[in-house]
Amino acid sequence: MTQVIDLNADLGEGFGRWRLTDDEQLLSVVTSANVACGFHAGDAATMRRVCAMAVERGVRIGAQVSYRDLAGFGRRAMDVPPDELAAEVAYQIGALEVFARAAGSRVAYVKPHGALYNRVVHDEEQAAAVVEGVRLAGGLLAVLGLPGSRLLARAAKAGLPVVSEAFADRAYTARATLVPRAQEGAVITHPDAVVERSLSLARTGTVVAATGESVEVRARSLCLHGDTPGAAALAHRVRQSLEGAGVRVEAFA
């Protein structure tokens, strides 16, 4: 049986003259683009440019929604009332949809970013607010998130397509959750290790936790972070290794 995996990356993470991600290079590798919608990064011109490039390359467009936290890059814990969060999620999706349509495509899925991503793994109220925001935006948009998260459970209950993802360059706990970024070793930076973990996740659905044991992480999509040093070159290597091992790289949406 041939394994199939989607490759996604966080793109459009810039603002004004500042750019963090190598969008053009990453879009030549990934099959799904998580485009920053202005709350943790991204601006109108950046969203328009990334959507146009994604369509040119046949890459699916996803809205990467966040807490309103430009200064903290969306990685600071925040307490946002559910109604406000739902409205802000819908607002971000709507903003990106304008540029996706202008480029000849549509927003295909939604993925939370940073602190919001981690929060909705276990927080029922915030997960429900994100799902409400997705529904407010209209359409049956797929929701991309951590396997076993409250977000995916809530999305499935609401009738939305759910897609689980894994991270080749993030350390996992024994409970198959991500090691917090504040802890040493939370981000895997050695290229060989990232490639090895990518192959394991795609072929066997397992990864070695930070504590040494093998944990199950069944995922349809594999995230390659775009804000790490040499991210584009590493992404190319990961895709080549997957395809060389007989894994079909294909978008989920």
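Remarks
- The stretch 1-21 - residue that is surrounded by fewer than 17 Cβ atoms within 10 Å (Cβ to Cβ) and farther than 17 Å from LEU96 by Cα and, of those, modelled with the lowest pLDDT: MET1
- Within the stretch 22-49, tally of residues that are open to solvent by 60 Å² or more (accessible area, probe 1.4 Å) and either in contact with a helix residue (DSSP H, G or I) (Cβ under 7 Å, 6 or more places away or on another chain) or part of a strand (DSSP E or B) (or both): 4
- Some residue of the stretch 70-78 being open to solvent by less than 10 Å² (accessible area, probe 1.4 Å) and under 24 Å from VAL130 (Cβ atoms): yes
- Given (1) open to solvent by less than 30 Å² (accessible area, probe 1.4 Å); (2) among the β-branched types (Val, Ile, Thr); (3) within 23 Å of ARG49 (Cα to Cα), index of the condition VAL98 fails: (1)
- Hits in the stretch 56-69 - residues which are closer than 25 Å to VAL238 by Cα, crowded, with 17+ Cβ neighbours inside 10 Å and not charged (D, E, K, R): VAL59, ILE61, GLY62, ALA63, GLN64
- Positions within the stretch 53-85 being among the hydrophobic types (A, V, I, L, M, F, W, C) and over 19 Å from the mean Cα position of the chain (by Cα), in sequence order: ALA71, MET78, VAL80
- Residue within the stretch 221-237 that is assigned to a loop (DSSP other than H, G, I, E, B), without any contact (Cβ under 8 Å) to a residue 40 or more places away in the chain, open to solvent by 20 Å² or more (accessible area, probe 1.4 Å) and at positive phi present: yes
The values are calculated or read from the model by the stated rules, or taken from the named source; none is laboratory data. Just so you know, these numbers come straight off a predicted model, no measurement behind them. Cβ coordinates were reconstructed from backbone atoms using ideal geometry, including for glycine residues, and neighbour counts include every protein chain displayed. Keep in mind that these areas ignore ligands, DNA and RNA; they rest on the heavy atoms of the full protein, side chains included. Shrake-Rupley method; radii C 1.70, N 1.55, O 1.52, S 1.80 Å.
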